[in-house]
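Before any comments, here is the structure.
The values are calculated or read from the model by the stated rules, or taken from the named source; none is laboratory data. Note that this is a predicted model, so its numbers are computed, not measured. So basically every Cβ, Gly included, is an ideal-geometry build from the backbone, and we count neighbours across all protein chains shown.
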Amino acid sequence: MTTFAALGVRPPVLDRLADQGIATPTPVQVAAIPALGAGRDGVIQSPTGSGKTLAFLVPLAAQLGAHRAGSPRALVVTPTRELAAQIVSVLAQLGTPLRSALVIGGVGYAPQIRDLRAADVVVACPGRLVDLCRSGSAALGGIEFLVLDEADEMLDAGFARDVETIIGLTDRRTTPRRRQTVLASATMPGWVETMIRTHLREPFRVAVAPGPESDLEHGLLPVAQTEKLTVLSQLLGQVSSTIVFHRTKHGAKKLARDLTARGHRAAELQGNLSQPARDRAIAAFRRREATVLVATNVAARGIDVERVALVVNYELPDTADWLTHRVGRTARNGAKGRALTFLSEEDGDKWRKLRRLGAPDLPLVDGARLLRTGAMHFVAGAPAEVPGPAVRPGPAVRPAPAVPHRDGGPRRPIPPAGGRPRGRGPRRGGRPGGRAPLPG
């Protein structure tokens, strides 16, 4: 069995991994860490929850070594603020002397400009980083290690212009050392090859297949459009931690409000929230103060929350890749999880389109049995392309009571606080060549 030490990882990083109970590297880490440690460019395609973040952060930390005054030497670019904050947290847990700067929209410029002056590693969303570069507050000519995390999203039409600008700024070298470039994502469409040929030099490639299918139970649940909320409410009464995906910001806001009215501890995560409100929602869900997180695709990529028992696609995503990223929030790191994709009578054409674009051939779930027993049973021989009669809700299931606040009163659900963030949010998905509305 391969160990981190055998991959060349040295103290204190080795000790900090052990302190976190991370003793055995995952397949993507086994393949990527030595190659990146040797200074090669890389393309990493691996399922969500498989350890991609450590696969590039461990060699990044080794390459940079100690803190050094001057301009930043490493840059990780991500599509969402939550993912950027998570990467900064993981880097801090490695126990290196490196200093980091989190550069995202929705918060003030001054603290970020201050952090940039002393940062070895910058973790950023594209829009805010480009703004700071244009104002002269950020310099990228000394970047030695560049990571595009969730690379297919970073190179899609919603971000492509800013990402190309960022890469161009790192090409204006202020150091003789060349830039090492890494692309990482769970999905890597063929059109990303143009970017690889243009900006990477003889990259190694890692393509890790998904784990055993038994880790994730995913099925289609036919539900009448008018019964979706009631069926969802009953399902939430059976599980402790659920992410529910809605297609639009307004829809996520309304659904969270409706679930709260039915007694569920619901938080929302969508792009019209202020950054502090988004941070509170994620924190409450991680602490189990909220047992259901209603989100747009802003939560579909990279966000790591332990022990998510169920993912529900309340509405179908726009692309097959988004379906992959959404359900990847459960069954992570070898744990088991479940996902349900609601399919109403109006969704037939859209589901068939998703199938043509590569969505999996999902089995139909016995909805009546699921609501009655909480167990996932699939309808034998039922064609997933043509759903049967929509499931009807049974007797109401009362959700778990709210966790009392420390002052003895009931804990209020996370409010759907407003405020539009300044930064750019991620596209809903799709291929380059046209702009789509921002989902979160």
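Remarks
- Within the stretch 6-35, tally of residues that are assigned to a loop (DSSP other than H, G, I, E, B) and over 22 Å from Ser46 (Cβ atoms): 3
- Looking only at residues of the stretch 5-40 that are hydrophobic (A, V, I, L, M, F, W, C) and free of Cβ contacts under 8 Å to residues at least 24 places away in the same chain, we find that the one that is surrounded by the most Cβ atoms within 10 Å (Cβ to Cβ) is Leu14.
Per-residue answers, yes or no, for (1) in the same structural domain as Gln86 (by TED's automatic domain parsing); (2) free of Cβ contacts under 8 Å to residues at least 40 places away in the same chain; (3) over 19 Å from the mean Cα position of the chain (by Cα):
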site	(1), (2), (3)
Ile243	no, no, no
His246	no, no, no
Ala252	no, no, no
Asp258	no, yes, yes
Ala261	no, yes, yes
His264	no, no, yes
Glu268	no, no, no
Leu273	no, no, no
Glu289	no, no, yes
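- The residues of the stretch 40-72 that are assigned to a loop (DSSP other than H, G, I, E, B), within 20 Å of Leu94 (Cα to Cα) and touching a strand residue (DSSP E or B) at 6+ places or on another chain (Cβ under 7 Å) amount to a single one, Pro72.
- Residue check for Asp115: assigned by TED's automatic domain parsing to the domain that holds Gly51, buried (at least 18 other Cβ atoms within 10 Å of the Cβ) and either touching a strand residue (DSSP E or B) at 6+ places or on another chain (Cβ under 9 Å) or modelled with pLDDT under 95 (or both): no
- If you go through the stretch 1-40 and keep only what is closer than 24 Å to Leu200 by Cβ and not hydrophobic (A, V, I, L, M, F, W, C), you end up with Gly8, Pro25, Thr26, Pro27, Gln29, Pro34, Gly37, Gly39, Arg40.
- Residue within the stretch 342-364 that is under 18 Å from Gly237 (Cα atoms), touching a Ser or Thr at 6+ places or on another chain (Cβ under 7 Å) and at pLDDT 95 or above present: no
- Selection count, the stretch 218-240, where residues are closer than 15 Å to Arg326 by Cβ and either in contact with a helix residue (DSSP H, G or I) (Cβ under 6 Å, 6 or more places away or on another chain) or surrounded by fewer than 24 Cβ atoms within 10 Å (Cβ to Cβ) (or both): 3
- Scope the stretch 76-111; condition free of Cβ contacts under 8 Å to residues at least 24 places away in the same chain and either assigned to a helix (DSSP H, G or I) or buried (at least 16 other Cβ atoms within 10 Å of the Cβ) (or both); matching residues: Ser89, Ala92, Ser100, Leu102, Ala110, Pro111
- Test: residue in the stretch 176-187 that is assigned to a helix (DSSP H, G or I), among the aliphatic types (A, V, I, L, M) and modelled with pLDDT under 95: no
- Members of the stretch 113-125 found to be outside any loop (DSSP other than H, G, I, E, B) and under 26 Å from Ala55 (Cα atoms), listed by number: Asp115, Leu116, Ala118, Val121, Val122, Val123, Ala124
- Selection from the stretch 250-279 of residues that are at pLDDT below 95, surrounded by 18 or more Cβ atoms within 10 Å (Cβ to Cβ) and assigned to a helix (DSSP H, G or I): Gln275, Ala277, Arg278
- Every test in (1) in a helix (DSSP H, G or I); (2) surrounded by fewer than 24 Cβ atoms within 10 Å (Cβ to Cβ) is passed by Asp318 save one, and that test is (1).
- Meets criteria (in a helix (DSSP H, G or I), crowded, with 21+ Cβ neighbours inside 10 Å and either aliphatic (A, V, I, L, M) or modelled with pLDDT of 95 or more (or both)) for Arg128: yes
- Qualifying positions in the stretch 131-166 - under 16 Å from Ser71 (Cα atoms), without any contact (Cβ under 8 Å) to a residue 40 or more places away in the chain and either among the aromatic types (Phe, Trp, Tyr) or not in a loop (DSSP other than H, G, I, E, B) (or both): Leu132, Cys133, Arg134
- Condition met for Ala283 (surrounded by fewer than 24 Cβ atoms within 10 Å (Cβ to Cβ) and of a type outside the set (Phe, Trp, Tyr)): yes
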